[in-house]
Every structure is written in C-alpha cells, then in structure tokens.
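What follows is a single structure, written as structure tokens, with notes after it.
The values are calculated or read from the model by the stated rules, or taken from the named source; none is laboratory data. Small disclaimer: the values here were computed from a predicted structure and weren't measured. No Cβ is skipped: glycine too gets one built from the backbone with ideal geometry, and neighbour counts run over all protein chains shown. In case anyone asks, the SASA skips ligands and DNA or RNA and just uses the protein heavy atoms, side chains included. Shrake-Rupley method; radii C 1.70, N 1.55, O 1.52, S 1.80 Å.
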Amino acid sequence: MSDPATADNRPLLAGVMGWPIAHSKSPLIFAHWFALTGIDGAYIRLAVRPEDFAEVIRALPKAGFRGVNVTIPHKITSLEMADDASAAARAIGAANTIRLNADGRIHADNTDGYGFIENLRDGAPSWNAAAGPALVLGAGGASRAVIHALLEAGAPTIRLANRSRDKAEALAAHFGPRIDVIDWAARDTATAGATTIVNTTSLGMTGKPPLELALDDAPTTALVTDIVYAPLETALLAAARARDLATVDGLGMLLHQARPGFRAWFGADPVVTPALRRAVLGDSP
Ligand code: ATR
C-alpha cells in the first residue's frame, strides 16, 4: 500500500500557525530537512489571529496544505476543532501537529512529550524513566506534555512543584495518583532520590530570573534537563554539570517534536544532528 502522505498529489506544503509567529524556529528545522532529504517541499510561517483560526484551518486543505504545526494561542482550540485526535493530544489537552486530510478532516496530535523523551534518549542514552521518581518544576502547558510523556515512559512517581500550588493540584487530579504535589518552597529537598529532574517553567530563559534549585540532595545518577533552550546552558544545567550530574539541554525537544509532522506530511523520517542544531541556533557551519 502506498504511503498516505504521498498517495495524494497535493503539493508538499505545510506550515506553522501562531500569533505572533515571527520568531518561530520551525521553518529553519524544516528547511534543513528538505535540503537533507531532497524533498522539494515548502513550510511557511502563518500569522493567524485567534478569532480567525477556525476559518483558516478549514480553508487550508483547500489551498493544498497537508498539515500545520500550531503554537500559542492555537494549541487548545485546534484540539477542540479536530475530527479526531491522538491519545497524547487528548491526555495533554492540547495539539501541536495537525494533519489535514484531502477530504477536509482534521487530525490533531501532540508531539511535545514525544520530543521531550526522544531528546533525553538522544542526549543521555542510558537514561531510564523507570529508574526512580521524577521531579518536575512548573505546571503550565509544557508541564502537561512532560508529565504525560514521563508517565508513559514508566516514571514510577512524579513530584510536581509549582509556584501556584493550585495548578499543580489540578494536574495531579488530571493525571492521577502517580503525581505527588510538592510545595514550591520544598523543591530543594524533593530532589532527594529523584532520578529525573525537569524544569518546565520559563525561569532561566534569557531575560528571566534563573530557576533556583539546590541540587545537593540529588542522587549522583540524576539526569537534569531544562525545556528552556535560550540560553542553551541555563543556570540549572550549569549547576548540575558542576556537580557531575548528567544534563540534556532543551533544544533537542524542539527539534524532535517536529519529526512526526515531517513524517506525516512528507513521508520521510528526518534526523536530529549537530548540523541541525547549528542551523537552528543560527551559528555559521
Ligand atoms: P508553558 O506553556 O510554556 O508551560 P505557562 O503555561 O505560562 O507556559 O507556564 C509557565 C510556568 O512557569 C508556570 O508553571 C509558572 O508558574 P505559575 O503557574 O505559578 O505561574 C512558571 N513560572 C513563571 N514565572 C515564574 C516565577 N517567577 N517563579 C516561579 N514559577 C514561574
């Protein structure tokens, strides 16, 4: 049977939709993969206001689009509008990868959790989610994807700390008894025994204060990762490295989450390489 992505004769066309969208790095990722695979596709930024989203997404298949990535503020609306959705999108409550069938049907997926796990497998091949409890800082949209992925990967429990405790409680109610809500003020001691430590807050991003987390109690086997990738080495990762803990930076999550879209729309499984990292960071080769 032929591959559904290439069985139709629509153009090899996709994009990323958000508001604002000018700073999206996704077109750089796709341009790199088009060059690498020889696929003559196009992937463009689509600046779409929230009030226009439904109209635009319904029109895109008519314009030949095979799909889109969606980002803020469309991640929840696109799931609500979809005709069907993956288990991950449903569990996370938001979508980031939309397949547009030629007949107009909309399929929603969320690949953020997949990207998170693939990045860890890539950057720390001996890492095993099941080895011990995880400590997750933050309870926003990114946290939902990370929690879903860690649970799926076999984390026995997840200690969840968020500045606003009520948001962590809401996630615990959603994801079930393997989530233990920890007070934000108690996050340092919650590192004890945690074999996976993840920052999903915006702390540590360029222009924001650093995440303050003492790693003294963390086991020597702990893996520390940050979903922030600008800067690549956050203060958290620098502190972890200084303690000889394994670290994985956040850029790979962005790169790996793009792979399922490329696969679905263009029929090839693209690779994440140092050259792709350089292309996205804008460094000269
Ligand atoms: P995203 O979708 O990227 O996760 P978000 O939903 O805005 O973004 O979530 C941001 C996260 O960073 C939240 O967990 C937020 O904590 P609150 O729920 O208490 O707002 C966290 N965060 C942002 N600024 C913070 C700060 N100064 N101190 C502690 N946590 C912070």
* Asked: When you go through Arg278, Arg263, Arg259, Arg243 one by one, which is the residue that is in contact (Cβ under 8 Å) with a residue 60 or more places away in the chain and either open to solvent by 40 Å² or more (accessible area, probe 1.4 Å) or in contact with an Asp or Glu (Cβ under 6 Å, 6 or more places away or on another chain) (or both)?
  -> Arg263
* Structure fact -> Checking Ile21, Ile39, Ile29 in turn, the sole residue that is β-branched (Val, Ile, Thr), in a loop (DSSP other than H, G, I, E, B), over 27 Å from Asn162 (Cβ atoms) and open to solvent by less than 30 Å² (accessible area, probe 1.4 Å) turns out to be Ile21
* Considering only segment 157-169, how many residues are more than 10 Å from the ligand (Cβ to nearest atom) and either open to solvent by 40 Å² or more (accessible area, probe 1.4 Å) or of a type in the set (Phe, Trp, Tyr) (or both)? -> 3
* Between residues in segment 156-184 that are without any contact (Cβ under 8 Å) to a residue 40 or more places away in the chain and residues that are open to solvent by 80 Å² or more (accessible area, probe 1.4 Å) and assigned to a loop (DSSP other than H, G, I, E, B), which pairs lie under 8 Å by C-beta distance while being six or more apart or on different chains? -> Pro156/Arg178; Thr157/Arg178; Ile158/Arg178; Trp184/Arg163
* Restricting to segment 186-200, what's the tally of residues that are near the ligand (Cβ under 10 Å from one of its atoms) and open to solvent by less than 10 Å² (accessible area, probe 1.4 Å)? -> 1
* Asked: What single numbered condition from (1) within 16 Å of the ligand (Cβ to nearest atom); (2) more than 14 Å from the chain's Cα centre (by Cα) fails to hold for Asn110?
  -> (2)
* Asked: Within segment 59-81, is there a residue that is open to solvent by less than 40 Å² (accessible area, probe 1.4 Å), of a type in the set (Gly, Ala, Ser), in contact (Cβ under 8 Å) with a residue 60 or more places away in the chain and within 16 Å of the ligand (Cβ to nearest atom)?
  -> no
* Asked: Could you list, in sequence order, the residues of segment 94-123 that are open to solvent by 10 Å² or more (accessible area, probe 1.4 Å), outside any helix (DSSP H, G or I) and of a type in the set (A, V, I, L, M, F, W, C)?
  -> Ala94, Ala102
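Matching residues to (1) within 14 Å of the ligand (Cβ to nearest atom); (2) buried (at least 22 other Cβ atoms within 10 Å of the Cβ); (3) assigned to a loop (DSSP other than H, G, I, E, B); (4) modelled with pLDDT of 95 or more:
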{"position": "Pro125", "(1), (2), (3), (4)": "no, no, yes, yes"}
{"position": "Val136", "(1), (2), (3), (4)": "yes, yes, no, yes"}
{"position": "Ser143", "(1), (2), (3), (4)": "yes, yes, no, yes"}
{"position": "His174", "(1), (2), (3), (4)": "no, no, no, yes"}
{"position": "Ser202", "(1), (2), (3), (4)": "yes, no, yes, yes"}
{"position": "Pro209", "(1), (2), (3), (4)": "yes, no, yes, yes"}
{"position": "Asp216", "(1), (2), (3), (4)": "no, no, yes, yes"}
{"position": "Val224", "(1), (2), (3), (4)": "no, yes, no, yes"}
